[in-house]
Amino acid sequence: MKMKIIICSLLTVLMFSNCKEKKEVDSIKANYLDFSKRDDQFTGGIKMIPITTPKGTFKVWTKTVGNNPTIKVLLLHGGPGGTHEFFECFDGFFPNESVEYIYYDQLGSYYSDQPNDNSLWTNERFVEEVEQVRKALKLDNSNFYLMGQSWGGILAMEYALKYQKNLKGLIIANMMASAPAYNKYADEVLGPQLDPKVFVQIKEFEKNKDYTNPKYTELLYKYYYTEHILRMPIDKWPESINRAFKHINPNVYVYMQGPSEFGITGDATLKNWDVTARLKTIKVPTLVIGAKYDTMDPKHMEWISKEVQNGRFLYCPNGSHCSQYDDQEHYFPGVIKFLKDVDSGNFKKS
């Protein structure tokens with residue numbers, strides 16, 4: 001009889017604790033789409049945030065989706081000069097997990113102000129821009145996750161190296177920590193994987209700096225982009241990706257990245273960028289995403305995850321540079337698990 005009472009008591013305790021946990025989870029989910037207490041309800045989450053620069057004040061576009069007091073992910077798009085549209089597939093995954101996320105077009109990008117002044121396109125100024133966006137959105141180390149893809153990965157690393165005290169977690173997607181190492185990978189691994197006749201034609205266009213030739217673009221899309229940028233036939237590419245490419249600011253892109261798709265070349269300002277020696281100073285929980293068919297070396301990405309102090313590697317075996325689209329099966333479960341592990345205090349580095 002005594003044993004029966006003890007068992008009943010234990011069951012009651014377990015049921016109560018489960019109900020309490022369920023109630024807490026449901027509370028976040030129930031309030032996820034409630035904008036009624038927010039100052040951006042009128043605009044559906046959109047804010048034009050003023051950014052102070054050495055060349056005056058400009059505005060950048062942001063859009064917040066959802067409410068979660070402890071998980072807020074600021075998304076840094078690629079390019080440079082790209083748009084938040086590269087991330088639009090996140091709408092199909094994050095809301096169901098009650099993850100709050102913020103779309104953001106950096107200065108010079110399509111939905112933000114686009115000043116015509118190349119002195120603004122520096123890593124240092126972009127870092128300060130992200131910091132101003134963080135403050136305006138009231139993000140801090142109790143909730144602020146920074147996620148950067150491609151060029152956004154460079155910006156995320158640079159931000160963390162200066163302001164990691166403000167971060168709860170960092171996600172570096174599809175970006176190596178060294179432009180020279182990326183160039184070497186493009187030259188020695190990716191280029192030779194192409195049909196030799198195609199590769200010769202592409203290099204000839206680049207040698208002649210004939211980057212606007214329609215044939216050059218055609219060759220890239222047909223033989224390179226569908227292998228390493230987004231592994232789908234061009235006519236199957238999502239509308240959001242096509243829109244993102246249409247909206248790229250070529251002035252910012254070429255100034256920082258250069259006109260070639262085989263590395264960062266010419267007088268591009270990112271040509272010699274390299275933070276490999278500084279990665280070991282990053283202490284914040286960090287997820288690094290690499291993909292088998294990416295333009296970035298997945299082995300280098302795995303190395304980054306081991307070089308930072310608290311890193312985890314997410315490998316996308318079916319993915320390319322836009323693995324958020326062509327390997328969603330691995331990409332989103334891995335990202336969501338990282339966010340929730342950090343949030344719950346259960347994060348373990350790999």
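Couple of notes before you dig in:
- Looking across region 232-266 at every residue that is closer than 19 Å to TYR185 by Cα and not hydrophobic (A, V, I, L, M, F, W, C), the one that is modelled with the lowest pLDDT is identified as GLU261.
- Top-ranked residue in region 176-216 [being polar (S, T, N, Q) and under 20 Å from PRO80 (Cα atoms); ranked as surrounded by the fewest Cβ atoms within 10 Å (Cβ to Cβ)]: THR212
- Taking region 94-114 as the range and being open to solvent by 40 Å² or more (accessible area, probe 1.4 Å) and among the charged types (D, E, K, R) as the test, the residues that pass are GLU97, ASP113.
- First in region 175-197 and under 19 Å from ALA277 (Cα atoms), second anywhere and of a type in the set (Ser, Thr, Tyr), Cβ under 7 Å, 6 or more apart: MET175/SER150; MET176/TYR182; ALA177/THR276; SER178/THR276
- Within region 254-294, considering residues that are of a type in the set (Val, Ile, Thr) and in a helix (DSSP H, G or I), the one least open to solvent (accessible area, probe 1.4 Å): THR276
- Residue count for region 328-339 satisfying the condition of being over 15 Å from the mean Cα position of the chain (by Cα) and buried (at least 16 other Cβ atoms within 10 Å of the Cβ): 2.
- The residues in region 83-115 that are closer than 22 Å to LYS135 by Cα and assigned to a loop (DSSP other than H, G, I, E, B) can be counted, and the count is 10.
- Scanning region 138-174 for residues being in contact (Cβ under 8 Å) with a residue 60 or more places away in the chain and either of a type in the set (S, T, N, Q) or part of a strand (DSSP E or B) (or both) gives a total of 16.
- Here is the figure for region 211-231: residues that are modelled with pLDDT of 90 or more and more than 27 Å from CYS316 (Cβ to Cβ) total 5.
- Qualifying residue in region 230-252 (condition: in contact (Cβ under 8 Å) with a residue 12 or more places away in the chain and in contact with a His (Cβ under 9 Å, 6 or more places away or on another chain)): yes
The values are calculated or read from the model by the stated rules, or taken from the named source; none is laboratory data. Every value quoted in this text rests on a predicted model; they were computed, and no experiment measured them. Reconstructed Cβ throughout: ideal geometry from the backbone, glycine too, with neighbour counts over all protein chains shown. Just so you know, the surface numbers come from the protein's heavy atoms only, side chains and all, with ligands and any DNA or RNA stripped out. Shrake-Rupley method; radii C 1.70, N 1.55, O 1.52, S 1.80 Å.
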